[in-house]
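Peer 1: Let me begin by handing over the structure; questions about it come next.
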Amino acid sequence: MALPDLDDLIAEVDRRCDTAHHSGGQEQPDWLALLTVAAQLAGQLQALADDLVEDYVEHCRMHGSSWTDIGTALGVTRQAVQQRFHAPHKRYSPETMTDDLRQAMVHVKQAAVHHRNNYIGTEHLLRGLTAEDNSATRLLQAAGISPESVHKSVGARLSMGASQAAERIAWTPYSRKAIDLAEARSQQKGSDRIDCDDLLIGLAQVGRGVAAAVLTEAGFDLAILDATSAETGPS
């Protein structure tokens, strides 16, 4: 994969800034508008870079690397890397999930183990959510989307890894964020357990990752999900 160079990024800023070159016929572009878009793009790139590093830090910790070793690899002190990454990630127990979501999580784990992946990505979550009938598949159907098509589409994007640590699988930052959003949604509904449709909407709200891309390509957006979710529920 070729990384973008400065010229590529400047071209992307120009593409995103619709009004920059339409400032009343003036010869000079709207440099402040271009700067605003450039700062937004830089922030998105930085957030993506931070997610990438955080994901590998978590894998290093999971497989026994010390904070000193991780700091050395990143070129910083042990104290600096601990301050940045040591915040504990919330672990979700089966008691926080509905029966349907617990069953979906079985399929999630199977998808990761079958493909020898040592992580739970958004693609695994979406694969598990669409494996059986539940509130997530009913939500997709209500939005005019075939759950079977989504299941096949995300399955085609699962790549074979080389992990032998089937019992030590870390969640990626996007996956953790998705279930955090799902929990918040379930609480807004007055429920003390996360259901499959909550996690489906969480995956869409993250906006990045394989699951979000598959859902977008399926042809619906968050507005449709929010509108239809109120009409679906446990049967």
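Peer 1: Give Q83, Q28 a once-over and let me know the one that is part of a loop (DSSP other than H, G, I, E, B) and either in contact with a Pro (Cβ under 8 Å, 6 or more places away or on another chain) or open to solvent by 100 Å² or more (accessible area, probe 1.4 Å) (or both).
Peer 2: Going through Q83, Q28 in turn, the sole match is Q28.
Peer 1: Further question on the same structure: Every residue in the stretch 139-195 that is in a loop (DSSP other than H, G, I, E, B), open to solvent by less than 90 Å² (accessible area, probe 1.4 Å) and of a type in the set (S, T, N, Q), please.
Peer 2: Scanning the stretch 139-195 gives S146, S159, S163, T172, S191.
Peer 1: Please work out if T68 is under 29 Å from A162 (Cα atoms) and in contact with a Lys or Arg (Cβ under 6 Å, 6 or more places away or on another chain).
Peer 2: The answer is yes for T68.
Peer 1: Would you tally the residues in the stretch 112-138 being buried (at least 20 other Cβ atoms within 10 Å of the Cβ) and in contact (Cβ under 8 Å) with a residue 40 or more places away in the chain?
Peer 2: 15
Peer 1: If you don't mind, there's one more thing I want to ask. From the residues in the stretch 31-72 that are more than 25 Å from G209 (Cβ to Cβ), among the hydrophobic types (A, V, I, L, M, F, W, C) and open to solvent by 50 Å² or more (accessible area, probe 1.4 Å), which one is modelled with the lowest pLDDT?
Peer 2: Result: W31.
Peer 1: Name, by its number, the condition in (1) modelled with pLDDT of 90 or more; (2) part of a helix (DSSP H, G or I); (3) open to solvent by less than 60 Å² (accessible area, probe 1.4 Å) that does not hold for K109.
Peer 2: (3)
Peer 1: Can you confirm whether G128 is at positive phi and either assigned to a loop (DSSP other than H, G, I, E, B) or not hydrophobic (A, V, I, L, M, F, W, C) (or both)?
Peer 2: No; evaluated as a whole, the condition is false for this residue.
The values are calculated or read from the model by the stated rules, or taken from the named source; none is laboratory data. Owing to the predicted nature of the structure, the values given are computational and were not obtained by experimental measurement. Please note: Cβ atoms are built from the backbone with ideal geometry, for glycine as well, and neighbour counts cover all protein chains shown. These accessible areas exclude ligands, DNA and RNA; they are computed on the full protein's heavy atoms, side chains included. Shrake-Rupley method; radii C 1.70, N 1.55, O 1.52, S 1.80 Å.
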